[in-house]
Amino acid sequence: MGTIDEVKEILNTLRIAMSILFGMIVVLTGSLVKRYDTGNTDTLFWLGICLMFVFMFILVIVIRKIAKKTKEIKEL
C-alpha cells in the first residue's frame, strides 16, 4: 500500500470517528435536556455533563488530526 493510500485510510477512519462522536453528542444532549426539563438533575445528569465535555475534547483532538492528515495528503 502506498503512503498516500495509508494516509487516506487513516483520514477516512478519523472522519468516521468524528461522525460517531457527533452522533453521541447529539443523543447525549437530548437526554440531558429531557432530564433537565423533568427536574431530574441527579448524579446521572452531572455525569452526563462531564461526559459531554470529554466527548467535545476528544472531538477537538480528532478534528485536529483530520486537519493534519489533510495537510499531509496535500504535501504528497
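A short reminder: the numbers here are calculations on the coordinates, not readings from a lab. Quick caveat, the model's predicted, so the values are computed rather than measured. Reconstructed Cβ throughout: ideal geometry from the backbone, glycine too, with neighbour counts over all protein chains shown.
Observations
- Top-ranked residue in the stretch 23-41 [being part of a helix (DSSP H, G or I) and surrounded by fewer than 13 Cβ atoms within 10 Å (Cβ to Cβ); ranked as farthest from the chain's Cα centre (by Cα)]: Asp37
- Residue match in the stretch 14-21 (condition: surrounded by 10 or more Cβ atoms within 10 Å (Cβ to Cβ), farther than 25 Å from Leu76 by Cβ and of a type outside the set (S, T, N, Q)): yes
- Residues (surrounded by fewer than 13 Cβ atoms within 10 Å (Cβ to Cβ) and in a helix (DSSP H, G or I)) located in the stretch 1-12: Thr3, Ile4, Asp5, Glu6, Glu9, Asn12
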